[in-house]
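Peer 1: Handing you this structure, nothing more for now.
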Amino acid sequence: MNTLKLLSVLLGYPSAELVAAIPELARRLGEDEALQPDTRDALAGLLVELEREDLLDLQERYVAQFDTGRATSLHLFEHVHGDSRDRGQAMVGLMSLYHRAGFVLATSELPDFLPAVLEYLSTRPTQEARDVLDDCAHILRAVGERLLDHRSPYAAVFSALLDLQGEPPLIAGRSDADDCHSLGFSDNDWQETPVEFGPDAAMHGAQQSRGEFIRFVPRQHISRS
């Protein structure tokens, strides 16, 4: 799951350190046969942009794409709980999961920030990481397809995450591309049955006695206008 660490780095806020690491990122991602050829090409395109563009422009673009609306937010629980109080409890549970595994966030970023989640998963057993990514695959696909429709090179990272899960590729034209950042997530769009997030998740939906775990609530559908 070392590729998860590389993808975590790519989804981070653009920095001089990230730019300096691009040759190594390109080499290692290009060698990962778990990624589809089209995905590797798209990742190469993202790396070229990160290397050639002015850093301030990259940072401004990053904020515009990920920090100005819920539709493409990199905070996973925002897609599940919105601004409800349940999000705070989910944060506490996820932080507890990190602490039990000896994983400490290096920054003041929230624990549900996707790059942080990916870095954590890169330290965990492969099956555990796959289970967690499977739980949130619906979120990864929704965000990735919105980015794809806005021709954002960052869509490549979400394509790679789906590749690692053996999921079908992103499909263009399925999101509200005309007004991506105005999209919200209504409570009516979500099922009541939770999907468990973490190593203690029940197999095949069976209920078992377990300790604390995190829950994603999958959407039944993605509204299209």
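Peer 1: Arrange 171, 22 by Cβ neighbour counts within 10 Å, fewest through most, would you?
Peer 2: Listing 171, 22 from fewest to most nearby Cβ atoms yields 171, 22.
Peer 1: Evaluate the relative contact order of the stretch 57-114 (contact order divided by residue number), counting alpha-carbon pairs under 8 angstrom at least 6 apart; express in whole percent.
Peer 2: Value for the stretch 57-114: 32 percent.
Peer 1: Ok, one more. Among 3, 39, what is the fewest-to-most ranking by other Cβ atoms within 10 Å?
Peer 2: Listing 3, 39 from fewest to most nearby Cβ atoms yields 3, 39.
Peer 1: Highest first, please rank the peptides 142-152, 53-63 by the mean number of other Cβ atoms sitting within 10 Å of their residues.
Peer 2: 142-152, 53-63
Peer 1: Sticking with this structure for a sec: List 66, 77 from most exposed to least, where exposure is judged by having the fewest other Cβ atoms within 10 Å.
Peer 2: 66, 77
Where a number appears in this text, it was derived from the coordinates with a stated rule and is not lab data. Owing to the predicted nature of the structure, the values given are computational and were not obtained by experimental measurement. Note that each Cβ is placed from the backbone with ideal geometry, even for glycine, and that neighbours are counted across all protein chains shown.
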